[in-house]
Every structure is written in structure tokens, then in C-alpha cells.
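Data block below; observations after.
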Amino acid sequence: MLICGIVVLTTCVIFFLYDYYSFRTSTRQKLATYGQIISNNSTAALAFESKEDAEEILNALKAEPHIIAACIYDAKGNIFCSYPLAYSLNLLPVKPQAYGYHFTSSSLEGFQPIAQGTKQLGTLYLKSDLKAMYSLFKIYTIIISLILCFSFLLTFLLSKFLQRGISTPILALAETAKAISEQKDYSVRATKLSNDEVGSLTDAFNQMLTQIHEQTEMLNEFNQNLEQRVKDRTIELEAANKELESFSYSVSHDLRAPVRAIHSYTNVFLEDYADKIDDEGKRLINIVLKNGKKMGLLIDDLLAFSQLGRRELIKTKVSMNDIVTNVWNDIYRTDENRNIKLILKELPEAYAEKTTIQQVWVNLISNALKYTKNKPETIIEVSAEEKNGEIIYSIKDNGSGFDMKYYNKLFGVFQRLHSQEEFEGTGVGLAIVERIISKHGGKIWAESIVNEYATFYFSLPY
């Protein structure tokens with residue numbers, strides 16, 4: 001409606017301006033024609049100075065009601081006669097002015113020469129009102145108003161028709177789409193209101209909803225089956241883990257006594273019969289003792305690892321600084337001859353089980369001392385920071401480090417990244433650390449550069 005109104009109004013204004021220009025031009029030409037006729041007829045009256053004839057000629061202007069004043073000047077520029085007779089001479093120009101016709105605010109007036117041949121006898125003055133133009137403008141205003149009203153009415157009826165045929169179905173489709181988006185109910189269908197292009201759009205929209213609904217149903221069914229399968233597999237995995245832990249515990253516990261017996265009797269044998277055995281025999285017996293001790297340590301680690309999965313943690317507030325200091329003092333006594341420097345920064349207290357967290361520090365500090373044994377100076381730094389609602393503890397050493405491409409093996413049971421000849425160990429220590437931290441609800445990770453450093457981090461919640 002607005003666009004149609006603007007178009008119609010613009011058209012009417014352009015037409016009005018054109019007609020206004022045309023009317024002014026034709027009015028000026030018409031008045032000039034009257035002036036030409038009057039001036040031609042007035043030559044004799046001026047030549048014989050017949051005022052009565054001149055007045056009679058001017059009285060002929062009664063046929064044109066819009067000419068409200070006229071006068072004839074003689075050759076000297078004095079008023080010779082005027083029209084109408086009752087018109088005040090004070091309202092007429094005193095002297096003739098430049099020839100030609102021009103519009104003022106309320107009239108059209110002008111001067112025209114009266115000549116006979118080349119001889120100028122006088123000047124004609126004509127003045128016309130603009131009532132005809134104003135009347136025409138009034139008629140145009142009425143016509144334009146009627147056209148605008150008719151156009152708005154026609155546009156309104158057309159827009160109502162288009163709204164019913166186009167806008168209403170599209171808005172209904174939009175409302176259906178909004179409802180589906182909010183309620184996530186893909187079984188809803190849009191109502192088809194017509195058989196035109198909008199109706200085809202509604203059909204396509206409903207077909208799309210049908211496909212989405214079918215795919216959603218399939219996906220929900222698949223998710224339900226997947227959830228059930230995950231539950232079943234989780235139960236199976238938990239049962240297998242319990243059986244494995246029970247088996248590990250039983251094996252470790254049952255192997256302890258035979259291994260201790262072998263180690264003890266071999267030790268007694270070596271002490272009682274040392275003088276009866278040659279050097280080769282002693283070497284072989286020492287190999288048995290050494291491997292028996294190693295097997296005992298391995299069994300102890302396995303037993304500790306399996307026990308972690310069977311026990312519940314009893315958490316309290318523990319001082320990490322005290323734990324690290326005590327562990328360091330206990331372990332450092334075995335390596336007092338080495339050049340070792342410990343940098344222990346302030347560690348926040350932790351909410352944890354003291355015994356198992358102490359085992360974490362024992363394993364990490366032992367590893368740091370073990371893998372720096374080939375360095376002329378050992379530097380071990382223990383620090384912590386609070387970040388994102390948890391405390392992150394770290395221990396860094398300047399030892400042999402490890403290759404990060406084998407990182408995925410770092411916390412596995414029996415996984416070693418160095419040979420037994422380089423560094424002794426059972427391959428269970430970091431797995432124990434990882435399980436302890438995991439049971440506390442934290443995470444453990446590490447970073448390293450070979451032969452430069454290794455840093456182990458573990459996080460504990462507040």
C-alpha cells in the first residue's frame with residue numbers, strides 16, 4: 001500500500017507540475033494574443049487621439065472576465081485611457097515598463113507596444129487575475145485525492161487477497177517450524193492451505209519433517225540399543241576386572257611364600273656351604289638370590305597394585321610438604337654420596353588418603369633419583385599451583401627423560417621405556433601412581449625431552 005501510494009502520488013505530482021507549467025505558458029500566450037489584437041486595433045485611435053474610440057476598444061475586453069485591468073499610454077508615456085472606467089488610476093503603473101508579460105504573486109501582467117509601421121504610437125498594459133489557474137488547481141486537488149483514495153482502497157483489497165493467498169500460508173508454515181524447533185516434536189505437520197507454489201512448499205516441508213522424524217526414531221532406537229550394550233559391556237568389564245584383580249591378588253599372595261623360601265634357603269645354603277663351592281657356583285647362587293629378590297619386589301608391587309582396586313579411600317586433609325620431606329629423608333639416606341639438590345616449593349594441602357598419596361611421592365621421587373644417577377649433579381624440583389578448581393603438583397628432574405612417542409606406554413603395567421641394564425625396575429610403579437591418582441578423582445600426565453628433563457604432573461580436586 002505504501003509503495004502504491006508513493007507511486008500514485010509521485011505520478012500525480014509530476015502531472016500537476018507539468019500541467020501547471022503548461023497552464024502558465026498558455027495563459028501568457030493567450031494574454032499576449034489579446035494584447036496583440038488590442039494594440040493593432042488601437043493604432044487609429046492613438047493616431048487621431050480619439051479617446052472614445054480607444055475606450056471602446058478596451059471595453060471589448062469584457063468578453064474575457066479574467067482581465068481585471070488595462071490601459072493605453074500615449075507616445076509620451078502618459079495614460080491615455082483605462083479599463084474598466086471605475087478602476088483606480090493609482091493602481092495602474094504610472095509609466096510603461098519593459099515589454100513582455102510576467103507573473104506576480106496574484107496576477108499576470110505585461111506591456112506591449114502599439115505601433116504603426118516603424119512608428120511607435122503608444123503602449124498597451126494588460127493585467128489578468130489567476131482565478132482560472134486556482135480553479136484548475138482545486139479541481140486537480142479533488143481529482144488527485146479521489147485517485148489516491150481509490151488507489152489505496154484497491155491496493156488494500158489486493159493486499160488482503162495476496163495475504164490470504166501468500167502471506168497467511170507462509171506465516172502458518174513459519175509458526176509450525178517454530179513450534180517444531182521449540183518442542184522437538186517432528187511428528188507435527190504443516191497444514192496445506194492452497195495448491196499453488198506455497199502449497200508445494202508446504203508439501204516439501206512436510207516430506208522433510210517425515211524424513212527427519214524417521215531418522216530421529218532410528219537414531220533414538222540406536223542410542224537406546226547402544227546404551228544397553230554399553231551397560232552390558234561395562235558390567236562384563238567390571239566383572240572381568242574383579243576377576244583379574246582377584247587372580248592377581250591370589251597369584252601374588254600365593255607366590256610370596258615360595259619365593260621367600262627360595263630366597264631364604266639359597267641364602268642359608270650360601271652361608272653354610274660357601275667354603276665348599278667354587279667361584280662359578282657362588283656366581284650362579286648370587287644370580288639366583290638377585291633374581292629372587294627382584295621377583296619378590298615384583299610380587300609386592302603386583303600385590304599393592306591389585307589391592308588398590310579392592311579398597312576404599314579414607315580421605316583427610318594432609319600436608320604435602322610434610323609428606324614430601326619425610327619421603328625425601330627416607331630415600332635420600334640411600335644416596336647420600338651423590339651430589340643431589342632438592343628444590344621444594346610451598347605445596348598446598350590436599351584432601352586425600354595419606355598412605356596412598358605417600359606411596360605416590362615415594363614412587364615419583366624414587367624414579368627421579370633413579371633416572372638421574374648418571375648425572376654429575378642431580379636437580380629435583382617439586383612445586384604446585386592451583387588452577388581451575390584443582391591443585392596441580394609436579395616433580396621435575398634433569399635425568400635421562402624419555403621419548404614422547406612412547407608416551408602411551410608410560411603408565412601401563414609392566415611397560416618400561418628403558419632397558420633393565422640401564423635402570424632397574426618392575427614396570428609397575430607408575431601404574432600404581434596412575435591408579436591412586438585416578439581413585440582420588442585426579443589425572444596424571446608427563447612431558448620430557450630425552451637426556452634433558454622429565455616432569456610428572458598430577459592433579460587433585462579441592
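Annotations for the structure displayed:
- Boolean, Glu385 is of a type in the set (Asp, Glu), open to solvent by less than 50 Å² (accessible area, probe 1.4 Å) and closer than 17 Å to Ile437 by Cα: no
- Residue count, region 85-114 (criterion: β-branched (Val, Ile, Thr) and more than 22 Å from Asn41 (Cβ to Cβ)): 2
- Residues of region 406-440 classified as among the hydroxyl-bearing types (Ser, Thr, Tyr) and modelled with pLDDT of 70 or more, total: 3
- Selection within region 155-168 - over 31 Å from the mean Cα position of the chain (by Cα) and open to solvent by less than 90 Å² (accessible area, probe 1.4 Å): Thr155, Ser159, Leu162, Gln163, Gly165, Ile166, Thr168
- Residue match in region 133-153 (condition: free of Cβ contacts under 8 Å to residues at least 40 places away in the same chain, under 46 Å from the mean Cα position of the chain (by Cα) and surrounded by 11 or more Cβ atoms within 10 Å (Cβ to Cβ)): yes
- Among residues of region 88-138, those that are under 16 Å from Tyr21 (Cα atoms) and hydrophobic (A, V, I, L, M, F, W, C), counted: 7
- Residue in region 293-306 that is hydrophobic (A, V, I, L, M, F, W, C), closer than 12 Å to Ile262 by Cα and modelled with pLDDT of 75 or more present: no
The values are calculated or read from the model by the stated rules, or taken from the named source; none is laboratory data. In this text, all values refer to a predicted model and were calculated from it rather than measured experimentally. In this analysis, Cβ positions are derived from the backbone assuming ideal geometry, glycine residues included, and neighbour counts consider all displayed protein chains. Each accessible area value is taken on the protein alone, full model and side chains, heavy atoms only, with ligands, DNA and RNA left out. Shrake-Rupley method; radii C 1.70, N 1.55, O 1.52, S 1.80 Å.
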